[in-house]
Amino acid sequence: QVQLVESGGGLVQAGDSLRLSCVASGLIFNDYVMGWFRQAPGKERKFVAAISQSGGITNYIDSVKGRFTISRDNAKKTIYLQMNSLKPEDTAVYYCAAGSDYIRTVKSAYDYWGQGTQVTVSS
């Protein structure tokens, strides 16, 4: 079965950096758009970033542009989210997701989800 396993979360201070990873198995990785979503306590799960199958196209929400970078290594079936200049408002559980076709920002466009990794940014 398909599995997406995130790692790399933790507790950091504002201004610090973290790199999240998501390893995929059970799917033809190169066929999928991959995305990162996040869910803060009491809030809906929201789109953060996505990357096309080849890695040539990326999309970000405005609040993370210039601070976060999504990338993928198709040989390792892994995607990454490099997060720099972290802010307390980035605190959330971060989820990796796999979707078909093209980059979209809605949850319904993604077929598979990981279990999430907690990122906490203290001020």
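The values are calculated or read from the model by the stated rules, or taken from the named source; none is laboratory data. On a predicted model such as this, the values are computed, not experimentally measured, just so you know. Positions of Cβ are generated from backbone atoms using ideal geometry, with glycine treated the same way; all protein chains shown enter the neighbour counts. Surface areas here come from the heavy atoms of the whole protein model, side chains and all, with no ligands, DNA or RNA. Shrake-Rupley method; radii C 1.70, N 1.55, O 1.52, S 1.80 Å.
Values computed for the structure shown
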read-out: FRET efficiency for SER63 and GLN118, using Cβ-Cβ distance with R0 set to 22 Å, rounded to 0.05; value: 0.70
read-out: For the chain, built as a Gaussian network whose Cα springs stay under 10 Å, the top-fluctuating residue of SER21, SER108, SER52; value: SER108
read-out: Label-point separation, SER17 to ASN84 (7 Å along Cα→Cβ), nm; value: 0.6
read-out: Given the chain, longest segment not containing exposed loop trypsin sites (Lys or Arg not before Pro) (DSSP; at most 12 other Cβ within 10 Å); value: 77-123
read-out: Karplus-derived 3J(HN,Hα), 6.51/-1.76/1.60, for each residue of segment 71-77, Hz, glycine and proline x; value: 8, 8, 10, 5, 5, 9, 6
read-out: Accessible surface of the chain, 1.4 Å probe, proportion on carbon and sulfur as whole %; value: 47
read-out: Residue-normalised accessible area of the chain, expressed per residue, 1.4 Å probe, Å²; value: 50
